[in-house]
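Below you'll find the structure, written out as structure tokens, and then a few comments.
The values are calculated or read from the model by the stated rules, or taken from the named source; none is laboratory data. From a predicted model like this one, the values you see are computed outputs, not experimental measurements. A quick note on method: Cβ atoms are made from the backbone with ideal geometry, for glycine too, and the neighbour counts reach across all protein chains shown.
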Amino acid sequence: MIMPMTAKRILFACLALLVFIGAARADDLFVDNLHGDDNRDGRTLVTSAERGGAVRTLTRALELALAGDRIVMSDNGIPYRESVTLQGGRNSGLGSRPFVIEGNGAVLEGSQFVPPKAWQNFRGDVFRFQPPRGAFAQLFLDGPPVDRVYLTSTAGTIPALAPRQWCLADGQIYFRVDPQTLPDDYPLAFATLTVGVTLYEVHDVIIRNLTVQGFQLDGINAHDCAKDCTLVGVMARGNGRTGIFVGGASSVEIHSCLLSDNGAAQIMTDGPSVTAIENTEIDAGSVTGIATGGRRIFLNGKAYQPEHAAAGSPAERRDPQ
């Protein structure tokens with residue numbers, strides 16, 4: 001059926017109006033983990049009458065967000081201790097407007113202090129405790145990761161540890177204290193929350209100027225179908241498996257980021273994913289820098305070819321469990 005010109009014009013006008021309304025709804029959401037309140041609407045930074053004001057958690061901001069919104073986090077020097085997921089159209093871009101998380105230097109933290117009664121003496125100055133999930137683990141001392149010694153065999157014996165060193169064996173964390181001290185004398189923390197930021201079935205997302213650390217598995221995990229997502233100025237450090245994981249049918253750009261002290265690899269890819277890395281500091285240290293399981297990886301504009309593919313798999317670097 002051919003529509004009259006007047007009817008066509010009305011239809012096109014309605015469609016244009018819907019697009020305009022959708023674009024106009026894109027807005028800022030403010031998160032403040034010191035002064036915010038999750039009962040607020042998040043649409044203003046300063047608390048105002050009725051429900052105006054910042055929310056307290058990134059989780060709540062994502063619940064309130066609409067496509068094309070920008071979430072603006074406040075950095076109060078206090079970590080945001082939560083694990084979040086971006087999923088679906090509400091957490092995706094809208095037209096020419098990407099969905100943005102502006103970290104402003106804030107820290108998303110996945111660790112908690114080791115309960116004092118959790119430690120048991122193993123022998124001499126070496127103590128151990130069983131984390132809830134031991135396949136991947138990290139131990140922190142007053143913030144930074146503790147110096148780690150990796151297992152080199154499956155013989156069931158732990159390696160020699162110097163004071164303030166640790167290892168992971170049989171799913172347990174072993175830590176050697178200084179002479180005449182106990183684990184209770186140290187502010188020790190371990191990775192507990194599983195993943196910092198999960199990206200799933202989203203598109204046109206930007207995460208900027210955010211530190212993601214202390215998670216049991218990954219700092220940022222583009223699980224599947226995370227298309228045209230960009231990480232800018234992100235620090236992903238001290239996570240149990242990897243700083244950034246890109247898997248499935250995901251395409252992620254990593255710009256001007258810092259990845260260090262992650263447990264198995266700094267960046268890990270898998271499946272038909274596409275990863276582009278630009279101007280990023282990757283501190284390989286004692287683990288793999290880039291674990292190349294994905295279909296395509298580009299490093300500073302060139303196709304990435306690992307120099308030592310045989311020795312670069314995270315399975316060979318990881319402690320046998």
Candidates 40, 60, filtered to the one that is modelled with pLDDT of 85 or more and either not assigned by TED's automatic domain parsing to the domain that holds residue 239 or not in a loop (DSSP other than H, G, I, E, B) (or both): 60
Some residue of region 293-303 being buried (at least 22 other Cβ atoms within 10 Å of the Cβ), modelled with pLDDT of 95 or more, part of a loop (DSSP other than H, G, I, E, B) and not charged (D, E, K, R): no
Failed item, numbered, when residue 119 is tested on (1) of a type in the set (Phe, Trp, Tyr); (2) in the same structural domain as residue 232 (by TED's automatic domain parsing); (3) under 30 Å from residue 185 (Cα atoms): (2)
Residues located in region 235-256, provided they are without any contact (Cβ under 8 Å) to a residue 60 or more places away in the chain, surrounded by 24 or more Cβ atoms within 10 Å (Cβ to Cβ) and either part of a loop (DSSP other than H, G, I, E, B) or among the β-branched types (Val, Ile, Thr) (or both): 244, 246, 250, 252, 254
Filter result for residue 221 (under 16 Å from residue 82 (Cα atoms), modelled with pLDDT of 95 or more and not acidic (Asp, Glu)): yes
Among residues of region 58-109, those that are crowded, with 19+ Cβ neighbours inside 10 Å, free of Cβ contacts under 8 Å to residues at least 40 places away in the same chain and closer than 23 Å to residue 243 by Cα, counted: 1
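Residue-wise test of (1) touching a strand residue (DSSP E or B) at 6+ places or on another chain (Cβ under 6 Å); (2) at pLDDT below 95; (3) surrounded by fewer than 18 Cβ atoms within 10 Å (Cβ to Cβ); (4) within 15 Å of residue 168 (Cβ to Cβ).
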residue	(1), (2), (3), (4)
117	no, yes, yes, no
123	no, yes, yes, no
127	yes, no, no, yes
131	yes, yes, no, yes
135	no, yes, yes, yes
140	yes, yes, no, yes
143	no, yes, yes, no
146	yes, yes, no, yes
152	no, yes, yes, yes
Selected residue (only one of 264, 236 is within 15 Å of residue 108 (Cα to Cα) and hydrophobic (A, V, I, L, M, F, W, C)): 236
